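Below is one structure, written out as structure tokens; the observations come after it.
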Amino acid sequence: MQRLYDSNMQLVGYLSSDAAGRMSVLDSDYRTLGYYYPQKDKTYDKNMRLVGKGNLLTSLLGNVSAEQ
């Protein structure tokens with residue numbers, strides 16, 4: 001699991017990948033925010049709604065900062 005920090009070196013989340021290659025992003029409290037499927041080259045939010053094409057997982061962390 002890879003830790004993700006903001007410009008002030010505050011922990012904002014984690015990147016994780018499973019054996020099938022699916023990547024997921026979690027907030028600093030280990031809540032899943034979304035998934036990236038490399039085979040499809042698409043990113044989905046935690047409710048499996050399409051976010052967009054490509055790996056956009058870190059953009060989901062921006063939503064967490066706005067809520068806090």
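At-a-glance table
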read-out: Selection status of residue 61, open to solvent by less than 80 Å² (accessible area, probe 1.4 Å), within 19 Å of residue 2 (Cβ to Cβ) and at pLDDT below 95; value: yes
read-out: Residue list for region 1-14, filter: assigned to a loop (DSSP other than H, G, I, E, B) and touching a Ser or Thr at 6+ places or on another chain (Cβ under 7 Å); value: 1
read-out: Residue list for region 1-27, restricted to those being touching a helix residue (DSSP H, G or I) at 6+ places or on another chain (Cβ under 8 Å) and of a type in the set (Gly, Ala, Ser); value: 13, 24
read-out: Residue in region 15-26 that is open to solvent by 90 Å² or more (accessible area, probe 1.4 Å), modelled with pLDDT of 90 or more and either part of a loop (DSSP other than H, G, I, E, B) or not charged (D, E, K, R) (or both) present; value: yes
read-out: Selected residue (criterion: farthest from the chain's Cα centre (by Cα)) from residues of region 27-58 that are among the acidic types (Asp, Glu) and either part of a strand (DSSP E or B) or surrounded by 10 or more Cβ atoms within 10 Å (Cβ to Cβ) (or both); value: 41
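The values are calculated or read from the model by the stated rules, or taken from the named source; none is laboratory data. Because the structure is a prediction, the values reported are computed rather than measured. As a convention, Cβ positions derive from the backbone with ideal geometry for all residues, glycine included, and neighbour counts pool all protein chains shown. Side chains are part of the model used for accessible areas, which takes the heavy atoms of the whole protein and leaves out ligands, DNA and RNA. Shrake-Rupley method; radii C 1.70, N 1.55, O 1.52, S 1.80 Å.
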